[in-house]
Amino acid sequence: MKPLKSFRVLDLTNVLAGPFCCHQLAHLGAEVIKIEVPGRGDLARQLGADPELNEKGMGVSFLAQNAGKRSLTLNLKHPEGREVFFRLVSKADVVVENFRPGVMERLGLGFEKLKEVNPSLVYCAISGFGQNGPLKDSPAYDQIIQGLSGVMSVTGNDESGPLRVGFPMADTIGGITAALGITASLSKPEREAVFIDVSMLESTMASMGWVISNFLTAGVDPMRMGNENFTSAPSGTFQTGEGLLNIAANKQEQFEILCGLLKREDLIHHPHFKTRELRKANRELLKSELESELKHHDAKYWSGLLNKAGVPAGEVLKVPDALNLEQVQQREFLETFSDVPGVGRSVQVVKTGMQLNGKTLTVDRPPPRLGEDTVAILKECGYGEETIEKLQAEKVI
């Protein structure tokens, strides 16, 4: 049985951080009801590389994070919409939202009000900067957080200048942090209402432990090092005869094995490379020496040879090649939904990065069309046909 199978989550979130959080919860077994604005829904429905799907309200960005959820449309600005929401909250375990601080309070749906409705409610608010502090009301997108957190300052090299990580990592880390806080709160045997305040800025900086600790404890100002590893050398990306290769010979014995495989034992006792600190100080010279040998074969060849000998190595792959790795395929990391309603064709999405008791976590339904579960959910809450028709006529749902 999935660990969250008995829990119900109300997902009021949009775009990525919140939906990614609830994506994790859905795969862990929670019933996730996605509450969306009537007629418009999650902005991610209009985002992605397929314009036709964007027009249908089933954008690729939405498909990526919303499998397994049910969709209910509800106007929370309408008094009757709020009454519907209160009824949902009374039977839920978790509410997740990623509005700017204060929005839920202005709607009359803040934590203090909701815990009166449900004294054991787990309420998680995800925002760029948290619920207090001078930046709390500032708009926050992933790129803004990457810049403010220092992530961009240590990404790239001197020639490129600061670079953003190539996917929305601050959103993603914020979502994982929220999911962790929620699951921890649900684990209490006797639960009382709890407010989880997730800051994307702080979540991102918390993941930079080594970089920040080098500054706080050792007084070393972090710098951009491109594909080099600041903790060791040779540890980074190397050019081969064909393709780039990552090598992480972080231990002395790994360095010596590497030199032996390249038939460059002379480097082991070279005055510039004898110790880890010397190799770090002379990493560019060492890189040049190693690449002069690596050029004789391609990255795939060297990866196999080095790994077999105990030296961590791996090709630098494009996303399609990474998805086709036998390792990824064998662990059933991709979920396929056939003939998805609203899409008109099969859809593949990623699952989570974990297995439970040797089984990959899955969900039993594809990403939902906007509002496709509204009537069914309202009936489950005790609303009759006439009341539902009235709510539809008044544009509450």
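Annotations
- For segment 235-316, the relative contact order is 44 percent, taking Cα pairs closer than 8 Å that sit 6 or more residues apart in sequence and dividing their mean separation by the residue count.
- Packing here is the average count of other Cβ atoms within 10 Å per residue, and on that basis the peptides 361-367, 208-214, highest first, run 361-367, 208-214.
- When segment 235-316 is described by a simple charge dipole with +1 on each Lys and Arg Cβ and -1 on each Asp and Glu Cβ, the residue from His270, Gly241, Ala281 located farthest towards its positive end is Ala281.
- Scanning residues 5 or more positions from Ile196 or on other chains, those with amide H under 5 Å from its amide H are Tyr123, Cys124, Ala125, with H placed 1.01 Å from N in the peptide plane.
- Calculated [θ] (222 nm, deg cm²/dmol) that DSSP helices of n ≥ 4 give over the chain, each run adding -39,500 (n - 2.57): -10500 deg cm²/dmol
- Shape category assigned to segment 345-384 from the gyration tensor of Cα positions, a/c cut at 1.5: oblate
- Segment 112-237: C-alpha gyration tensor shape, a/c 1.5 cut-off, then a/b vs b/c: prolate
- For Lys300, a cut-off of 21 angstrom between C-alpha atoms picks up these lysines, skipping any fewer than 8 places away in its own chain: Lys263, Lys287, Lys308, Lys318.
- HN-Hα J in Hz across segment 62-75 - Karplus 6.51, -1.76, 1.60, θ = phi - 60°, x for Gly and Pro: 6, 4, 5, 10, 10, 5, x, 9, 9, 10, 10, 8, 7, 8
- With contacts taken as Cα pairs under 8 Å and at least 6 residues apart, the chain reaches a relative contact order of 18 percent.
- Counting only DSSP beta bridges whose two residues both lie in the chain, roughly 40 percent are antiparallel.
- Once the C-beta distance of Thr231 and Val165 is scaled by a Förster radius of 22 Å, the resulting FRET efficiency is 0.70 to the nearest 0.05.
- Cross-link pairs beyond the 28 Å C-alpha cut-off, checked among Lys113/Lys390; Lys56/Lys91; Lys113/Lys351; Lys136/Lys188; Lys69/Lys379: Lys56/Lys91; Lys113/Lys351; Lys136/Lys188
- Taking amide H as placed 1.01 Å from N in the peptide plane, Asn66 has no amide H partner under 5 Å among residues 5 or more places away or on another chain.
- Cα gyration tensor shape for segment 36-179, rounded if a/c is under 1.5, else prolate or oblate: oblate
- Between Thr362 and Leu47, the contour length at 0.36 nm per residue exceeds the Cα-Cα span by 111.0 nm.
- Counting neighbouring beta carbons within 10 Å and listing from fewest to most, the residues Lys308, Lys274 come out as Lys308, Lys274.
- Between the alpha-carbon centres of segment 99-140 and segment 223-286 there is a gap of 49 Å.
- Relative exposure of Cys259, Cys381, judged by other C-beta atoms within 10 Å (fewest first): Cys381, Cys259
- Separation of alpha-carbon centers, segment 7-78 and segment 342-389, rounded to whole Å: 10 Å
- Annotation: amide H of Gly48 within the under-5 Å range of Ser61, sequence separation 5 or more or interchain, hydrogens built in the peptide plane.
- The mean sequence separation of alpha-carbon pairs under 8 Å and at least six residues apart, normalised by the residue count of segment 157-314, gives a relative contact order of 20 percent.
- Think of each Lys and Arg Cβ as +1 and each Asp and Glu Cβ as -1; about the Cα centre, that makes the dipole of segment 235-316 roughly 200 debye.
All of the numbers you see were taken from the coordinates with simple rules; none came from a lab. Since the structure is predicted, the reported quantities are computational estimates derived from the model, not experimental observations. Note: ideal-geometry Cβ built from the backbone for every residue, glycine included; neighbour counts use all protein chains shown.
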